[in-house]
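Notes for the one structure printed next.
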Amino acid sequence: MIKEILNPENTPERVNELLTLLLGQRVRIVDVLPNDGTRLADESTLLITDMVVQLEDGSIANLEIQKIGYYFPGERSACYSADLLLRQYKRVRGIKGKRFSYRDIKQVYTIVLFEKSPTEFQKFSNNYIHRFMQKSDTGVNINLLQEYLFIPLDIFSSIKHNKSSKMIINNRLEAWLAFMCMDEPDDILSIIEKYSDFKEMYEQAYDVCRNIEEVMQMFSKELLELDRNTVKLMIDDMQKEIDCQREQLSQKDEEMLEMRKEIQRLQQLLDKK
């Protein structure tokens with residue numbers, strides 16, 4: 001549904017607004033970029049959506065929504081941010097030629113929303129927006145171009161439901177986040193009562209659901225990806241368990257070797273006596 005609602009080619013105004021709210025500055029999409037790039041692995045796995053867009057000022061934003069947060073979220077995001085930065089560098093340098101300057105390279109924003117967040121974020125149960133940017137410890141100001149934004153939707157949902165019996169939406173960003181992760185009728189009503197234009201998006205989702213054939217195709221594709229990803233995740237976990245068992249066996253082998261050496265030493269002493 002999110003792929004249908006947040007289609008930067010069909011409804012750029014929605015993505016413009018969401019990115020504006022997330023980044024805290026007014027942005028406008030001018031181009032949708034291919035997001036396959038130099039991927040480290042086949043990671044269509046646990047992604048709900050993954051879009052890369054170029055903004056009006058030349059900067060690039062990568063918006064991801066993950067079903068389950070990947071292991072090593074920081075390292076993974078840093079690698080993909082670096083990939084996007086390098087792609088921008090090659091593209092701009094190719095266009096500018098001899099007129100190229102590093103001033104032509106603009107910000108790269110990596111925005112990740114988690115439906116089920118990784119353990120790193122669970123320790124901060126009172127925070128659902130985490131912003132990262134590189135700063136000097138001396139105060140010197142240079143632009144290192146890469147910024148990150150992580151939003152655990154499960155923590156957002158927990159915070160909003162714990163405050164009162166009825167969820168209260170305070171602003172447009174909260175309405176968008178609630179739209180992405182809450183489907184209880186009372187929550188939907190709370191969103192529409194505060195911002196009536198969200199009703200159009202719920203109606204669009206409802207119309208998609210009425211088309212059974214289209215929904216089944218969507219589910220078939222999602223289940224295929226989920227099956228493949230689940231198997232991959234299971235294999236990765238099993239491999240970690242095997243590696244752990246190998247390490248334990250290796251330690252036992254070393255202990256056995258030490259025991260044999262000690263037995264031989266004692267036997268030598270007995271033989272001398």
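Check 236, 271, 207 and return the single one that is part of a helix (DSSP H, G or I), within 24 Å of residue 16 (Cβ to Cβ) and at pLDDT below 90.
So the residue among 236, 271, 207 that is part of a helix (DSSP H, G or I), within 24 Å of residue 16 (Cβ to Cβ) and at pLDDT below 90 is 207.
Here is a yes/no grid of residues against (1) modelled with pLDDT of 80 or more; (2) over 22 Å from residue 154 (Cβ atoms); (3) acidic (Asp, Glu); (4) surrounded by 14 or more Cβ atoms within 10 Å (Cβ to Cβ):
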residue	(1), (2), (3), (4)
18	yes, no, no, yes
21	yes, no, no, yes
29	yes, yes, no, yes
33	yes, yes, no, yes
46	no, no, no, yes
50	yes, no, yes, yes
55	yes, yes, no, yes
63	yes, no, no, yes
Residues in segment 115-139 that are in a loop (DSSP other than H, G, I, E, B) and open to solvent by 90 Å² or more (accessible area, probe 1.4 Å) total 7
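Within the bounds of segment 131-138, is there any residue that is within 25 Å of residue 16 (Cβ to Cβ), modelled with pLDDT of 90 or more and out of contact with any Phe, Trp or Tyr (no Cβ under 6 Å at 6 or more places or on another chain)?
Quick first cut of segment 131-138, residues within 25 Å of residue 16 (Cβ to Cβ) only: 131-133.
Next cut, modelled with pLDDT of 90 or more only: 131-133.
With out of contact with any Phe, Trp or Tyr (no Cβ under 6 Å at 6 or more places or on another chain) added as a condition, the list becomes 131, 133.
There is at least one residue in segment 131-138 that is within 25 Å of residue 16 (Cβ to Cβ), modelled with pLDDT of 90 or more and out of contact with any Phe, Trp or Tyr (no Cβ under 6 Å at 6 or more places or on another chain).
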Filtered residue count, segment 104-114, keeping only those that are open to solvent by less than 20 Å² (accessible area, probe 1.4 Å) and either in contact (Cβ under 8 Å) with a residue 60 or more places away in the chain or part of a loop (DSSP other than H, G, I, E, B) (or both): 4
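Hey, any hits in segment 80-101 for a residue that's among the small types (Gly, Ala, Ser), assigned to a helix (DSSP H, G or I) and more than 22 Å from residue 19 (Cα to Cα)? So that I can check it myself, show each step before the final result.
At the first step, the residues of segment 80-101 found to be among the small types (Gly, Ala, Ser) are 81-82, 94, 97, 101.
Those still in the list that are assigned to a helix (DSSP H, G or I) too: 81-82, 94, 97.
Cutting the leftovers down to more than 22 Å from residue 19 (Cα to Cα) gives us 94, 97.
Taking every residue of segment 80-101 in turn, at least one turns out to be among the small types (Gly, Ala, Ser), assigned to a helix (DSSP H, G or I) and more than 22 Å from residue 19 (Cα to Cα).
Restricting attention to segment 192-204, and to residues there that are in a helix (DSSP H, G or I) and open to solvent by less than 70 Å² (accessible area, probe 1.4 Å), which single residue is farthest from residue 12 (Cα to Cα)? Before the answer, list the steps.
Restricting attention to segment 192-204, the residues satisfying the condition of being in a helix (DSSP H, G or I) are 192-194, 198-204.
If we keep only those that are open to solvent by less than 70 Å² (accessible area, probe 1.4 Å) too, we end up with 192, 198, 201-202, 204.
On the way: 192: 21, 198: 15, 201: 14, 202: 17, 204: 16 Å.
The residue in question is 192.
The values are calculated or read from the model by the stated rules, or taken from the named source; none is laboratory data. Only a predicted model underlies this, so the values are computations on that prediction, with no experimental measurement involved. With ideal geometry, Cβ positions are generated from the backbone for all residues, glycine too; neighbour counts draw on all protein chains shown. Surface areas here come from the heavy atoms of the whole protein model, side chains and all, with no ligands, DNA or RNA. Shrake-Rupley method; radii C 1.70, N 1.55, O 1.52, S 1.80 Å.
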